[in-house]
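Read through the structure below, which is laid out as structure tokens, and then see the notes.
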Amino acid sequence: MRDLLIVGGGPAGLSAASEAARLGLETEILEEHAEVGIPEHCAGLVSLSGLREILGTEAPIIRKIKGFRVYSPSGKAYMVKGGEAKAAVIDRPAFERELLRRAEASGAKVTLGSQFRGGERYKVLINAEGTAGRVSKRLGFGIPEAIPAAQLDLETPGFEEDMVEIYLGRHAPGFFAWAVPRRDGVRVGLASSEGIPLRSLERLLEKFEPWRRFSGARRSAPIFGKVVTGGPLRVVHRGNAIAIGDAGGFVKPTTGGGVVLGCLTARLAARAAYQFLSGKGGLDSFGKAWKRAYGKDFMLMRLARAVYNRMGAREVDTMLETLYSGGALRGATQYDMDLQGKALWRLARSRMFFRLVPMVLEAIF
Ligand SMILES: Cc1cc2nc3c(=O)[nH]c(=O)nc-3n(C[C@H](O)[C@H](O)[C@H](O)COP(=O)(O)OP(=O)(O)OC[C@H]3O[C@@H](n4cnc5c(N)ncnc54)[C@H](O)[C@@H]3O)c2cc1C
């Protein structure tokens, strides 16, 4: 009988394990794959501040990012570049290997190649299975809203190594496509609520002029995954179990980025397990803790996604033009990419927002 069993050795599970073992809980992680971080499913874009808070080092960085170029549905490009890098593309398998090393150093047992079956004995279970949904179903948790995605690594020179590109057009309805620099090329990806993402991505590479330059590049095998877009589940604690990371919906509803918030909220879950096992509180303290720390960010990001989902191409064009001319896109490089509440709140109180209100209302109604 272990104090704490964690299902899933992704960033969330490994972060929870480090924290729980550090607090003195007898902790074991089950990871069904033989290695952590494999197979990959992520673009690896994180804020530098988040990375520092999680690791305190910049070890797994592939590229530092200073800005972005957004393509509107009508094809107009908006480019924003800051002087200082605020984000980075990380090597996800290396990041997970480092988290694994730290979890083991804290005293957690990590059992690789071992799938959760349901007969294991534990006092508390943390479900960090990602988007798989099998453990959530067994434990009676909800399944976070998610949409399918596909990515390709392209070996090609010439992609700016400190920029990311975002495509908001008809080939990626309901979400967007992206291009992020890698060591020897670019990783392009697309998530969408309609159609088959890999086909849409291939079509985009064929038809979208700015990315046609990648068309002759050598390609990796496709990388598939599901991007969580609905925000945290209403119920993230049931009986003696907690859902964290993608399994709990701890992902930015605006961009689908879940590495930083997944790791930070996982630590709060581990502390709740510790409180519970030392008789100092219930597991429901996790719900209170994540809301206190990040509730406003999630609420505003969820709202932003809900509005975006209702917009048509024309509204997205107008929004980008307004945000660009009003300076908000440029300002975005100064804010924390992972905690977007502050930037969204500031935008909602700006004069520029009043210009967006009719369009937002039109999109909603
Ligand atoms: C296409 C795509 C691009 C993305 N890009 C970014 C990005 O640029 N930046 C960002 O911050 N986020 C990004 N994300 C999101 C990010 O990848 C996730 O939020 C993050 O990986 C969640 O971590 P996790 O630990 O909750 O789950 P995961 O990383 O999915 O880890 C779950 C682990 O659980 C294991 N597991 C599952 N079931 C079982 C079981 N029954 N028994 C044992 N083990 C099990 C799996 O093998 C896996 O290792 C992207 C996601 C996708 C799909």
Fill in: Å³ per residue enclosed by the Cα convex hull of segment 147-227
84 Å³
Item to complete: Give me the angle, in degrees from 0 to 90, between the Cα long axis of helix 11-22 and the longest principal axis of the Cα atoms of the chain, rounded to the nearest 10.
Response: 40 degrees
Worksheet entry | Percent of Cα pairs exceeding the 20 Å cut-off, where the set is segment 1-65 | 40 percent
Response to the item:
Percent antiparallel among DSSP beta bridges confined to the chain, nearest 5, equals 65 percent
Discussion item. Helix-only estimate, please: 222 nm mean residue ellipticity of the chain, summing -39500 (n - 2.57) across DSSP H runs of length 4 or more and dividing by its residues, to the nearest 500.
Written reply: -12000 deg cm²/dmol
Fill in: C-alpha long axis of helix 313-325 to longest principal axis of the chain, angle in °
90 degrees
Worksheet item: Can you put K123, K280 in order, fewest other beta carbons within 10 Å first?
Response: K280, K123
Item to complete: Between beta-carbons, use under 9 Å as the cut-off and find the net charge around G13, counting Lys and Arg +1, Asp and Glu -1.
Response: -2
Fill in: Shape parameters for segment 251-365, alpha-carbon atoms, Rg then Dmax in Å
17.5, 56
Worksheet item: Mind ordering 201-211, 63-73 by average Cβ neighbours within 10 Å, highest first?
Response: 63-73, 201-211
Worksheet entry | More than 12 Å apart - percent of Cα-Cα pairs taken over segment 55-102 | 69 percent
Practice prompt. Compute the long axis of helix 259-277 from its Cα atoms, compare it with the longest principal axis of the Cα atoms of the chain, and write down the angle in degrees, 0 to 90, nearest 10.
Written response: 20 degrees
Worksheet entry | Whichever lysines have a C-alpha closer than 21 Å to that of K137, once near sequence neighbours (fewer than 8 apart) are set aside | K123, K226
Worksheet entry | Cα gyration tensor shape for segment 1-111, rounded if a/c is under 1.5, else prolate or oblate | prolate
Worksheet, complete the sentence: Note on the chain: the mean projected area of its alpha-carbon convex hull, in nm², is 17.6 nm²
Item to complete: Step through the table entries K64/K342; K81/K207; K81/K288; K109/K280; K280/K342, compare each Cα-Cα distance with 29 Å, and write down the pairs that go over it.
Response: K81/K288; K280/K342
Practice prompt. Using Cα centres only, tell me the gap between segment 88-147 and segment 190-224 in whole Å.
Written response: 30 Å
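Where a number appears in this text, it was derived from the coordinates with a stated rule and is not lab data. Here the structure is a predicted model, which means the values were calculated and not measured. Neighbour counts are summed over all protein chains in view; Cβ atoms, including those assigned to glycine, are modelled from backbone coordinates with ideal geometry.
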